[in-house]
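*Asks:* Input: one structure, supplied below.
The values are calculated or read from the model by the stated rules, or taken from the named source; none is laboratory data. Note that this is a predicted model, so its numbers are computed, not measured. FYI the Cβ positions are ideal-geometry reconstructions off the backbone, even for glycines, and counts take in every protein chain you see.
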Amino acid sequence: MGLPPYLLVLSLAACFNGNFQQAYLLSVLNQPYLEVHQFINESTIARTGKPIDPLALDFLWSLINVMNPISGIVGQMIAYLICDRIGRRWTAITSCLIAIPALLLSMFTRVFFPYYETLVIGRFLWGAANGIAIVVQTVWVIESASTMQRGFVNSWQEVIATVGNLLTQLIGVPLSSPELWPFMFAVPFAVTVFSLIAFILMHESPQYALMFSHNRKKAALAIRAYHGLKSDIEIEEQLVKYEEDGQRKEEQEKGKENKKEPNGMEIMFMPWRANDPLSKIIRFGAWVGIMVKIAYVFTGARVIRSFNTFIYHDLGKWPKKFSQ
């Protein structure tokens, strides 16, 4: 049996709002970097009468790119704070409402000449919105899909991310001109608007409706839509299953509170409070993973993704079109 239409639209909209935007965000300024450099330099001349120092320009360019993971972390922290408070649906809508003005700022950067800071602000807000979207994407889709469909609806995340990366390469070259480069933000803007409309039309996840809103009617409507069920008996069975899962989680959390088990922050950063064998194993594994991630970042492997045109053209002295 195929995916129910509601679940299909939800999973596609969530993946495009999360994975596609993330891949596009990382590569969007790769091809037109010379045009962006020129715009920043012209802005500086218009404001100060002098061109920007080359080292300052390179530093600013690095800052524009490195703020993506920073703003993404900010967005993920925001998602952590609001996801259980306002729900999965409204969290996803919030990510779109942040991304739309961010993309408009980026797309109309030339209108705000000589204030190139609008591009920096737009990039930061876009990254924060994407951080929110990435977190809520998986939670909402997993909670809404039936057990048999969960693997399938998450299987195209990397495919959609690859599409976002390839699309920046495809349209980056023809739009790499002093007048056209801001329009590279039109594609993610259109995707965000589509995702926003889709999220508005979707139901809240059944699990959230039961566990946090305690609204069986909304949960039943969501199950009917996302699971493609028509029989009231089957819907009731799923409701009972969600309720049992929720009760089991609540009991586990109460058990942890009674045992005064350490939380994640204590395990990671307060070893004097979390010194039991399990916490030591978790802390060791988590810090090993973090150190491996940091080591990987400092190898420079990620530089190629955001700076390959810069490397080939400025350092390798390749022609511009060939570098792109």
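*Asks:* For region 112-119, indicate whether the set of residues that are under 29 Å from Tyr80 (Cα atoms), surrounded by 14 or more Cβ atoms within 10 Å (Cβ to Cβ) and not charged (D, E, K, R) is non-empty.
*Replies:* Yes - at least one qualifying residue is present in region 112-119.
*Asks:* If you don't mind, there's one more thing I want to ask. Out of (1) surrounded by fewer than 21 Cβ atoms within 10 Å (Cβ to Cβ); (2) among the small types (Gly, Ala, Ser); (3) at pLDDT 90 or above, what's the single condition that is false for Gly151?
*Replies:* (3)
*Asks:* Could you grab the pairs with beta carbons closer than 8 Å, sequence gap of 6+ or different chains, first residue in region 81-102 and over 18 Å from Ala209 (Cα atoms), second one among the charged types (D, E, K, R)?
*Replies:* Ala102/Arg123
*Asks:* In region 259-324, which helices (runs of 4 or more DSSP H) lie fully inside it and hold 1 or more residues that are modelled with pLDDT under 60 and either surrounded by 12 or more Cβ atoms within 10 Å (Cβ to Cβ) or not assigned by TED's automatic domain parsing to the domain that holds Tyr33 (or both)?
*Replies:* 303-310, 320-323
*Asks:* State all residues of region 105-153 that are among the hydrophobic types (A, V, I, L, M, F, W, C), assigned to a helix (DSSP H, G or I), more than 20 Å from Cys15 (Cα to Cα) and touching a Ser or Thr at 6+ places or on another chain (Cβ under 7 Å); if no residue qualifies, say none.
*Replies:* Correct list: Leu105, Phe112, Leu119, Phe124.
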